[in-house]
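Right, one structure below, let's go through it.
Values in this text are rule-based calculations from the coordinates and carry no lab data. Treat the numbers as computed from the prediction; the structure is a model and nothing was measured. Don't worry about glycine lacking a Cβ; one is built from the backbone with ideal geometry, like all the others, and counts go over all protein chains shown.
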Amino acid sequence: MPARPMWTCAACGRRFSVPRIRHSCGTYTVDAFLAGKPEPKVALYRAFERSVLRLGSDVFLAPVKTRVGFQVPSRRSTKTW
Ligand SMILES: [Zn+2]
């Protein structure tokens, strides 16, 4: 069974496994999330990000205001680690 297509919010561009799900629209980036963080923490995050992204081409970053999610579409829902 193939993964369910993701729904993309037209206002903020975030992707969700459930169409038209309620959320707080916002445009967030990893770079903005990391801005001002100590360099050792940024380097640790970047190493972790590289490791996670090597898991598969369907893994994508899902930054929000307080965290960076790593998500992958699945048959039932989007997994967030
Ligand atoms: Zn939105």
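Below are the figures for this structure:
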| quantity | calculated |
| --- | --- |
| Magnitude of the charge dipole, the chain, Cβ model with Lys/Arg +1 and Asp/Glu -1, debye to 20 | 320 |
| Top positive-direction residue, dipole computed over the range 1-77 with Cβ charges, set Leu55, Val42, Cys25 | Cys25 |
| Kirkwood Rh and Cα Rg combined as Rg/Rh, the chain | 0.99 |
| C-alpha long axis of helix 39-53 to longest principal axis of the chain, angle in ° | 30 |
| Structure-based [θ]222 nm, the chain - -39500 (n - 2.57) summed over DSSP H runs of at least 4, per residue, nearest 500 | -7000 deg cm²/dmol |
| DSSP loop trypsin sites (Lys or Arg not before Pro) with at most 15 other Cβ within 10 Å excluded, longest remaining stretch of the chain | 23-53 |
